[in-house]
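**Q** Handing you this structure, nothing more for now.
The values are calculated or read from the model by the stated rules, or taken from the named source; none is laboratory data. What you see is a predicted model, and the numbers here were worked out from it, not measured in a lab. Positions of Cβ are backbone-derived with ideal geometry, glycine not excepted, and every protein chain shown enters the neighbour counts.
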Amino acid sequence: MKTRIFLTLLVGIMALSCTQKKKLVYPKTEKKIVTDTFFGTEVDDPYRWLEDDRSPETEAWVKEENKVTFAYLDQISYRDALKDELTEIWNYEKLSAPFKEGEYTYYYKNDGLQNQYVMYRKKGDDGAEELFLDPNTFSEDATTSLGQVSFSKDGSIVAYAISEGGSDWRKIIIIDAETKEVLEDTLVDVKFSGISWVANDGFYYSSYDKPEGSELSAKTEQHKLYYHKLGTPQKEDKIIFGEKEKYRYIGGSVTEDDRYLIISGGISTSGNRLFLKDLTKPNSEIITIDDNIDTDSYVADNKESKLYIVTNFNA
């Protein structure tokens with residue numbers, strides 16, 4: 001299968017190189033003066049204005065780029081044949097590994113050519129297959145995708161994240177697992193977040209303060225960890241970590257026995273500090289368990305008060 005895909009793409013690439021008859025002339029892209037200072041070093045970012053994909057300027061730029069792109073692609077005579085070949089190769093049913101939540105076994109399935117995997121479930125060992133979540137139907141234009149799906153302790157409640165139009169800003173929808181009925185108001189403006197439950201009471205999630213007026217292009221730097229208690233409005237969600245501590249990425253996860261909240265804080269995509277809060281003591285302080293931000297570390301599991309930490313320190 002992989003060999004066939006490779007050969008098909010190789011033939012296409014070789015043919016592409018033979019198709020181009022003249023040099024492509026791209027439209028000019030404006031450079032704007034934008035400079036950030038990171039640790040005393042100035043870094044220019046002249047194309048940041050293109051990150052705002054809803055602005056008239058970006059829309060006009062995309063249209064001009066597409067004119068050049070499709071003028072070239074449309075002259076390729078074998079495009080349809082190549083598409084048919086790749087479609088045939090990829091058109092087969094795909095299944096994820098199953099996982100159990102409550103009385104159900106859940107899994108993801110794609111019939112072959114669906115844009116997004118569909119979530120199914122079966123009750124018990126012999127239950128009939130039931131469609132649970134189909135992100136292909138979340139919006140008319142099929143641009144809404146399914147992110148993380150997280151179940152409460154007994155599997156009776158589900159919180160799942162959706163992204164609309166490819167945005168990093170997500171919504172978290174909370175439903176009854178049995179009836180699929182939405183239980184309360186949807187959480188909004190959630191970015192780069194996990195969903196980690198404490199029993200069936202609520203969950204931890206992360207986000208930034210949303211910039212006003214330029215949500216898609218503005219920088220988001222100070223991540224915060226929140227706790228959402230079921231039955232309360234999002235505006236009452238308590239900031240657990242990140243209000244005083246400044247980290248660009250913060251994540252929170254609860255150990256399987258609901259004993260500890262493990263918090264990770266990082267300033268870049270590599271390296272993090274680890275913190276811990278004892279959830280058996282309501283007023284417990286957050287303590288540092290790994291202060292070395294130059295290494296990657298995470299808690300794999302715990303046995304009562306003993307933590308098993310995976311790290312690349314001196315590795």
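**Q** Please work out which one of (1) over 26 Å from Gly165 (Cα atoms); (2) touching a residue at least 40 places away in the same chain (Cβ under 8 Å) is the condition Phe132 fails and give its number.
**A** All conditions pass for Phe132, except number (1).
**Q** Evaluate the following for Asn110: is it farther than 19 Å from Val182 by Cα and touching a helix residue (DSSP H, G or I) at 6+ places or on another chain (Cβ under 7 Å)?
**A** no
**Q** For the condition in the same structural domain as Asp189 (by TED's automatic domain parsing), closer than 21 Å to Lys191 by Cα and assigned to a loop (DSSP other than H, G, I, E, B), what is the one hit in Ser145, Ser167?
**A** That would be Ser167, the only listed residue that is in the same structural domain as Asp189 (by TED's automatic domain parsing), closer than 21 Å to Lys191 by Cα and assigned to a loop (DSSP other than H, G, I, E, B).
**Q** Mind counting the residues in the range 170-200 that are outside any loop (DSSP other than H, G, I, E, B) and either touching a residue at least 12 places away in the same chain (Cβ under 8 Å) or among the aromatic types (Phe, Trp, Tyr) (or both)?
**A** Counting residues in the range 170-200 that are outside any loop (DSSP other than H, G, I, E, B) and either touching a residue at least 12 places away in the same chain (Cβ under 8 Å) or among the aromatic types (Phe, Trp, Tyr) (or both) gives 15.
**Q** Let me ask something additional. Residues to consider are Ser268, Ser264; find the one that is surrounded by 14 or more Cβ atoms within 10 Å (Cβ to Cβ) and free of Cβ contacts under 8 Å to residues at least 40 places away in the same chain.
**A** None of the others qualify; the one that does is Ser264.
**Q** Also, quick follow-up: Working only within the range 284-315, note down all residues that are within 21 Å of Arg248 (Cβ to Cβ), polar (S, T, N, Q) and in a strand (DSSP E or B).
**A** The answer is Thr288, Ser297, Thr311.
**Q** Quick check: anything in the range 179-200 among the acidic types (Asp, Glu) and farther than 27 Å from Asp134 by Cβ?
**A** No.
**Q** Residues in the range 87-98: is at least one of a type outside the set (Gly, Ala, Ser), part of a strand (DSSP E or B) and either within 30 Å of Tyr204 (Cα to Cα) or more than 27 Å from the chain's Cα centre (by Cα) (or both)?
**A** Yes, because at least one residue in the range 87-98 is of a type outside the set (Gly, Ala, Ser), part of a strand (DSSP E or B) and either within 30 Å of Tyr204 (Cα to Cα) or more than 27 Å from the chain's Cα centre (by Cα) (or both).
**Q** Sort out which residues of the range 112-142 are over 30 Å from Asp84 (Cβ atoms) and part of a loop (DSSP other than H, G, I, E, B), and write them in order of number.
**A** Result: Gly124, Asp125, Asp126, Gly127, Ala128, Glu129.
**Q** Somewhere in the range 264-273, is a residue modelled with pLDDT of 95 or more, aliphatic (A, V, I, L, M) and in the same structural domain as Val182 (by TED's automatic domain parsing)?
**A** Checked against the condition, which is being modelled with pLDDT of 95 or more, aliphatic (A, V, I, L, M) and in the same structural domain as Val182 (by TED's automatic domain parsing), the range 264-273 yields no hits at all.
**Q** Could you say whether any residue in the range 47-65 is within 23 Å of Glu181 (Cβ to Cβ) and not assigned by TED's automatic domain parsing to the domain that holds Lys180?
**A** no
**Q** Still on this structure, I have one more. Do any strands (runs of 3 or more DSSP E) lying entirely in the range 226-278 carry at least 1 residues that are small (Gly, Ala, Ser), under 19 Å from Asn292 (Cβ atoms) and touching a Gly at 6+ places or on another chain (Cβ under 7 Å), and which ones are they?
**A** In the range 226-278, 249-254, 260-266 are the strands (runs of 3 or more DSSP E) which contain 1 or more residues that are small (Gly, Ala, Ser), under 19 Å from Asn292 (Cβ atoms) and touching a Gly at 6+ places or on another chain (Cβ under 7 Å).
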